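Worksheet: one structure, shown below.
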């Protein structure tokens, strides 16, 4: 069995999805951080792919954005 | 804006999905851990909801299970 050789891209998809759903709601990074119960700079770290987000925090972000958590891991689509 | 009050359930869905896809492939927890490049007990911790899995590790597990990462966060379905 071979070890996993993988170029991490999921953080990037996640970051784009968070930004896209957030801007659709018309809220700031700080506003989303507060809604989800995070430090005000956390969403900025997520959207810059700096944070290695945990599943508990994915759940909180999805809850704050009012979407299914799985939607945040899908390939980003161009949204109007 | 109210802080997020949320009963964490995503870990449970994720654990059930990992177990379900893993058993469909007919591989052990240790076998999946090795495929994904983890310590041999890590998948056991995931399936018992002990590990607060990061997005990078979700990507590695999905890659090892050969499925879309988002599929691991969907509501578990009863699979034959």
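If you go through segment B:28-37 and pick out every residue that is facing chain A (nearest Cβ under 9 Å) and outside any helix (DSSP H, G or I), you end up with 1. Could you please let me know if residue B:34 is crowded, with 17+ Cβ neighbours inside 10 Å, modelled with pLDDT of 95 or more and out of contact with any helix residue (DSSP H, G or I) (no Cβ under 8 Å at 6 or more places or on another chain)? It is true that residue B:34 is crowded, with 17+ Cβ neighbours inside 10 Å, modelled with pLDDT of 95 or more and out of contact with any helix residue (DSSP H, G or I) (no Cβ under 8 Å at 6 or more places or on another chain). Need pairs with beta-carbon distance below 9 Å; first residue more than 7 Å from chain A (Cβ to nearest Cβ) and under 13 Å from residue B:51 (Cβ atoms) and within segment B:1-15, second in a helix (DSSP H, G or I) and modelled with pLDDT of 95 or more; sequence gap 6+ or separate chains. Partner pairs satisfying both residue conditions: B:15/B:46; B:15/B:47. Collect the residues in segment B:38-80 that are facing another protein chain (nearest Cβ under 7 Å), buried (at least 17 other Cβ atoms within 10 Å of the Cβ) and in a loop (DSSP other than H, G, I, E, B), keeping them in residue-number order. Scanning segment B:38-80 gives a single hit, B:53.
The values are calculated or read from the model by the stated rules, or taken from the named source; none is laboratory data. Remember, predicted model here, so these are calculated numbers, not experimental data. Every residue, glycine among them, receives a Cβ derived from its backbone with ideal geometry; neighbour counts consider all protein chains shown.
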